[in-house]
Amino acid sequence: MFSFEIGVVFAGDRFMRGLNRAWRGKDTTTDVLSFPMEDDVRACVDRPAGLPPVELGDIVISVPQAVRQAEAYGVTLSEEIARLLVHGTLHLLGYDHERGAAEARAMRRLESAILRKMEKEPLCSN
């Protein structure tokens, strides 16, 4: 197992829309964007012990969009942000639901499994 670091930015819709336009060519806000620093994370798994953590990349979350989605999905804001963090992390690890239906299903299943595990062992309580 390797240790890793992830940068997390909480942003507003205007900032997120600018990022989405610049990086994905979509002139609209979105809930989460991921910016990986590693081309192939699998190459990092077998690193020798004692090395510094791998910098996986950055995750940007639109807080206003997370609020809207939490209300629409009937969950707390904390639950929605946890989902977006997991989703963004999976993107940093190389998963991409836009590559096809099979990968989208695999990503959704893994996301659900991680969130179920987090419910049993929460990162924090609020």
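Distance between the modelled labels on Leu115 and Ser78, one decimal in nanometres: 1.6 nm (7 Å Cα→Cβ projection).
Note on the range 4-120: Cα-only Rg and Dmax are 14.9, 45 Å.
Between Ala102 and Asp39, the modelled labels are 2.5 nm apart [label points 7 Å from Cα along Cα→Cβ].
Averaging the sequence gap over all C-alpha pairs within less than 8 Å and six or more residues apart, then dividing by the number of residues, gives the range 4-120 a relative contact order of 27 percent. Here the sum of -39500 (n - 2.57) over DSSP H runs of 4 or more residues, divided by the residues of the chain, equals -15500 deg cm²/dmol at 222 nm, to the nearest 500. When peptides 92-101, 28-37 are sorted by average Cβ neighbour count within 10 Å, with the highest value leading, the order is 28-37, 92-101.
Rounded to 0.05, the FRET efficiency of the Asp27 and Arg68 pair, given R0 = 22 Å and the Cβ-Cβ distance, is 0.75.
Just so you know, all these numbers are worked out from the coordinates, no wet-lab data involved. Given the structure is predicted, the values throughout are model-derived calculations rather than measurements. With ideal geometry, Cβ positions are generated from the backbone for all residues, glycine too; neighbour counts draw on all protein chains shown.
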